[in-house]
Amino acid sequence: MSQAIESPSYPSQQELRNAPGYPSQKRLEKGPVVVIECIEEIPCNPCEQACPQHAITIGEPITNCPHLDEDKCIGCELCVSQCPGLAIFLIDLTHSQGSASVAFPHEYLPLPGKGQTVRAVNRAGEPICSATVVRVQNPKTNGQTPVVTVAVPRKYATEVRGILRPGR
Amino acid sequence: MREVDLAVVGAGPAGLTAAIEGAKRGCRTVVLDMNPRPGGQLIKQIHRFFGSREHRAGTRGIEIADSLFHEAASAGVEVMVEAEVYAIHDSTLEVVAQTNEDSLVLLSEEATTSRSRPLSIAARRIILATGGAENALNFAGWTLPGVMGAGAAQTMINLWRVLPGKKILMVGAGNVGLIISYQLIQAGGEMVAVIEATSRIGGYGVHAAKISRAGVPILTSHTIISASGESRVERAVIAKVDASWRIVSGSEQELEVDTICIAVGLHPNARLASLAECELCYSPSLGGWVPIHNSRMETTISGIYIAGDLSGVEEASTALEEGRLAGICAAASLGKERAGDYDDIKAIEGRLLGLRSGPFCQHRQDAKQELIGIGEAQCPKQ
């Protein structure tokens, strides 16, 4: 289908940057940190408990948007698999010279393999660049939400939010 | 005739928590459910739940169903599956049950096909937790095989592991439409599009974002005109609608799909409540005709309580809380109170208030408040 989407089905960069779960550019430059793309007041708070550093706060009422204390976040990735909305990503702009890494929840089989070259997609599902799978994490504590990390050219780090599934 | 203190109809989140609270307070409690497995809709919810820690947010529904069933069993609740209640009169439930013995707890994975027999159960208190039912949508070709409720598609993929089709159109972008679209992709289906007649996505943005990055277009202000095909759905025609719900002529487009899922809301499944002569009132925010109830979840018929989607279509989290509330209040009305009941009720009410706040949920709090207001005037006094 080639029909323009009339009402956006994902948040804009502006909306994300205004949200309390989005780290500053300065913090992003420092190294691994989570980006919480949760901008609606919905009743949900598992991320708050998932963070061992207490870097995420929802508080009362439960419909508050998650607030990220960017200095407390150590980029451990533990919250990424625990968000019921699959809305938390881990960005590392310091992954390597010129490349950044993006970790995202990926609940589709088959899982990609480490080292595999894949097509990375943006929030609209459009393939925007090639990516290399750095890690596929799926320990028991993830509760069957695997987290895939891919390396992408640095300029795409704020756009890449997933990969093309096989056969697409 | 079997005699129990408390009979609960429906073994979903509301029914099971109601039964647990009743049994914990010493009520001889039976839960009747027409399905082969307890858990209601929870058994096909493979996604993580929203809500708070108290509502087991972050846990998948299927896991909640299992733990609720075990909690009920250890509290002494008798759960009868494949037991359909078809009438309620004079505190007696008429049941068609697939059992050999009245007291048998059946938990077979396979549906038994034989030995259905009538059974009468006299209950001092009844809690109806019959859930919600999917709304239908009429359009040309809506009776073709391949057109189904989104919930039916979810049952097929998650319970029976059958993919209903390969190229799927979802009608409705509320949470149900968005979540089931995601699960259909996980099951290997291709979502051709999600269409929504209103101008905005009704479900949570995070659900929309999830299927958007999976490459699924979500078309708002679009409706379905027709489905057609030789012996099943082969294509659908969709079109834009304007602000006054008129089809924008010339905007029609044909989609090649073999399955059309309808996710245009749910309504309280009030048939049994209606048979029991509970008075209903119409509440758009709660999904349609809903039995009137007071703050103790008691209906206009003394001794009959309700909980969960039957008392207004909401979420599993609210159903869990309302079930507990109904169970505590029904037990209390039998003199089976427990120290701390008052505090428990206040805590439940507080959590319900939290769940019904925010831009998505406040309208349900308002509607509930109104319904309970009517209930306080019309339902039997304690």
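The values are calculated or read from the model by the stated rules, or taken from the named source; none is laboratory data. As the structure is a prediction and not an experimental result, all values here were calculated from the model. With ideal geometry, Cβ positions are generated from the backbone for all residues, glycine too; neighbour counts draw on all protein chains shown. Please note that ligands, DNA and RNA were not included when accessible areas were found on the heavy atoms of the full protein model with its side chains. Shrake-Rupley method; radii C 1.70, N 1.55, O 1.52, S 1.80 Å.
What are the residues in segment B:116-131 that are open to solvent by 30 Å² or more (accessible area, probe 1.4 Å) and either closer than 19 Å to B:TYR305 by Cα or not in a loop (DSSP other than H, G, I, E, B) (or both), if any? First the steps, then the outcome.
Residues of segment B:116-131 open to solvent by 30 Å² or more (accessible area, probe 1.4 Å): B:116-118, B:120, B:124-125, B:130.
Of everything in segment B:116-131, those that are open to solvent by 30 Å² or more (accessible area, probe 1.4 Å) and either closer than 19 Å to B:TYR305 by Cα or not in a loop (DSSP other than H, G, I, E, B) (or both) turn out to be B:ARG117, B:PRO118, B:SER120, B:ARG124, B:ARG125, B:THR130.
I'm checking my understanding of the structure. Among residues of segment A:16-53 that are open to solvent by 70 Å² or more (accessible area, probe 1.4 Å) and within 12 Å of another protein chain (Cβ to nearest Cβ), which one is nearest to A:LYS72 (Cα to Cα)?
Selected residue: A:GLN49.
Across segment B:201-241, which residue is surrounded by the most Cβ atoms within 10 Å (Cβ to Cβ) among those that are of a type in the set (Gly, Ala, Ser) and over 19 Å from A:ALA124 (Cα atoms)? Explain how you work it out, then say what you get.
From segment B:201-241, those of a type in the set (Gly, Ala, Ser) are B:202-203, B:205, B:208-209, B:212, B:214-215, B:221, B:226-229, B:231, B:236, B:239; that's our starting set.
This time we only want the ones that are over 19 Å from A:ALA124 (Cα atoms), so: B:226-229, B:231, B:236, B:239.
Working: B:SER226: 16, B:ALA227: 24, B:SER228: 13, B:GLY229: 16, B:SER231: 8, B:ALA236: 29, B:ALA239: 19.
Looking at residues that are of a type in the set (Gly, Ala, Ser) and over 19 Å from A:ALA124 (Cα atoms), I get B:ALA236.
Take the residues in segment A:15-56 that are acidic (Asp, Glu) and closer than 14 Å to A:GLY85 by Cα, then tell me which one is modelled with the lowest pLDDT. Steps first, answer last, please.
The first filter runs over segment A:15-56 and keeps only residues acidic (Asp, Glu), leaving A:15, A:29, A:37, A:40-41, A:48.
Those still in the list that are closer than 14 Å to A:GLY85 by Cα too: A:37, A:40-41, A:48.
Values: A:GLU37: 97, A:GLU40: 92, A:GLU41: 89, A:GLU48: 94.
Per the criteria, the residue is A:GLU41.
Please return the ranges of strands (runs of 3 or more DSSP E) entirely within segment B:1-103 where 1 or more residues are open to solvent by less than 10 Å² (accessible area, probe 1.4 Å) and among the aromatic types (Phe, Trp, Tyr). Steps first, please.
Values: elements: B:2-9, B:29-32, B:78-80, B:83-89, B:92-97.
Hits in segment B:1-103: none.
So which residues in segment A:144-168 are over 18 Å from A:THR117 (Cα atoms), within 10 Å of chain B (Cβ to nearest Cβ) and open to solvent by 20 Å² or more (accessible area, probe 1.4 Å)?
Result: A:GLN144, single match.
Which of (1) of a type in the set (A, V, I, L, M); (2) in contact with a helix residue (DSSP H, G or I) (Cβ under 9 Å, 6 or more places away or on another chain); (3) in contact (Cβ under 8 Å) with a residue 60 or more places away in the chain; (4) over 23 Å from B:LEU42 (Cβ atoms) is the odd one out, the single condition B:ALA153 does not satisfy?
Every listed condition holds for B:ALA153 apart from (4).
When segment B:319-349 is examined, which residues are found to be of a type in the set (D, E, K, R), open to solvent by less than 40 Å² (accessible area, probe 1.4 Å) and under 25 Å from the mean Cα position of the chain (by Cα)? Let's see the steps before the verdict.
Start the filter on segment B:319-349 by keeping residues that are of a type in the set (D, E, K, R), which leaves B:321-322, B:324, B:336-338, B:341, B:343-344, B:346, B:349.
Imposing the further condition that a residue be open to solvent by less than 40 Å² (accessible area, probe 1.4 Å) reduces the set to B:321-322, B:341.
Correct list: B:GLU321, B:GLU322.
Considering segment A:127-143 alone, what residues qualify as being of a type outside the set (A, V, I, L, M) and either within 17 Å of the chain's Cα centre (by Cα) or open to solvent by less than 50 Å² (accessible area, probe 1.4 Å) (or both)?
Kept after step one, since they are of a type outside the set (A, V, I, L, M), are these residues of segment A:127-143: A:127, A:129-130, A:132, A:135, A:137-143.
Hits for segment A:127-143 are A:PRO127, A:CYS129, A:THR132, A:ARG135, A:GLN137, A:ASN138, A:ASN142, A:GLY143.
Using the structure shown, decide if B:GLY22 is closer than 14 Å to B:ALA316 by Cβ and either in contact (Cβ under 8 Å) with a residue 24 or more places away in the chain or among the small types (Gly, Ala, Ser) (or both). Write out each step before concluding.
Values: closer than 14 Å to B:ALA316 by Cβ: no; either in contact (Cβ under 8 Å) with a residue 24 or more places away in the chain or among the small types (Gly, Ala, Ser) (or both): yes.
So B:GLY22 fails the test.
List the pairs whose first member sits in segment A:139-168 and is over 20 Å from A:PRO110 (Cα atoms), whose second member is open to solvent by less than 10 Å² (accessible area, probe 1.4 Å) and in a loop (DSSP other than H, G, I, E, B), and whose Cβ atoms are under 6 Å apart, counting only residues at least 6 apart or on separate chains?
Filtered contacts from segment A:139-168: A:VAL152/A:VAL160.
In the list B:LEU352, B:LEU275, which residue meets the criterion of being within 14 Å of another protein chain (Cβ to nearest Cβ), more than 16 Å from the chain's Cα centre (by Cα) and under 27 Å from B:ASP33 (Cα atoms)? Full working, then the answer.
Details: B:LEU275 fails: within 14 Å of another protein chain (Cβ to nearest Cβ).
Every option except B:LEU352 fails the conditions.
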